[in-house]
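The structure appears right after this line, and notes come after that.
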Amino acid sequence: MKRILGFVLAGILLLSACGVSDTGRMDGEGVEVRDYWARAALKDGTSAVYMLLLNHDAEDDAFVGVSSDVASALELHLSKMGDDGTMQMIPQETIALPGNGEVELKPGSYHIMMIGLVKDLNVGDEITLTLHFQNHDDITLTVPVKEAANMGGSGMDGHNTMP
């Protein structure tokens, strides 16, 4: 029994030393996702998901899509201020993820747009998303729902989510 416990403890210490991230990826290789959250919103409306994507490989990659049963459509978007001073939503087929680089999806910039929510997203809820990449394996996340007002930026990305 002591021998088994010793092996289990050694395994846990080895995994800790290797730096396994909260996404199940090893730090230093592949794509890692950090600081992910979704904005609270009402059923049939829209919401957005934000995160930090890190590419630990030297090879460039691309974030090519997302899937989930939380909304009727999920799209990659870029919020950009237009020449006329209004915020524009520009759908993106992909978001470049440079080798040994990172891309932040945040309010007022790149984000995942969830259109036609199938249920209310309340603060404290969790949703499941699967991220798709051009060169790396899919990553499935359990994403917490948070209040946009406390997340910095406008939190609206030009989309009207609250009545």
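The values are calculated or read from the model by the stated rules, or taken from the named source; none is laboratory data. Here the structure is a predicted model, which is why all the values come from computation and not from measurement. FYI the Cβ positions are ideal-geometry reconstructions off the backbone, even for glycines, and counts take in every protein chain you see.
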* Of the criteria (1) at pLDDT 95 or above; (2) surrounded by 15 or more Cβ atoms within 10 Å (Cβ to Cβ), which one R25 fails -> (1)
* To do: Find the residue count for the stretch 91-138, including only residues that are of a type in the set (K, R) and closer than 19 Å to N55 by Cα.
  => 1
* Asked: Among (1) under 20 Å from L53 (Cα atoms); (2) of a type outside the set (A, V, I, L, M, F, W, C); (3) at pLDDT 95 or above, where does D157 come up short?
  -> (3)
* Structure fact -> Selection over the stretch 34-54 where residues are in a strand (DSSP E or B), in contact (Cβ under 8 Å) with a residue 60 or more places away in the chain and either surrounded by fewer than 15 Cβ atoms within 10 Å (Cβ to Cβ) or of a type in the set (S, T, N, Q) (or both) yields a count of 2
* What strands (runs of 3 or more DSSP E) lie completely within the stretch 55-125 and have 3 or more residues being in contact (Cβ under 8 Å) with a residue 12 or more places away in the chain, loosely packed, with under 15 Cβ neighbours inside 10 Å and not charged (D, E, K, R)? -> 87-92
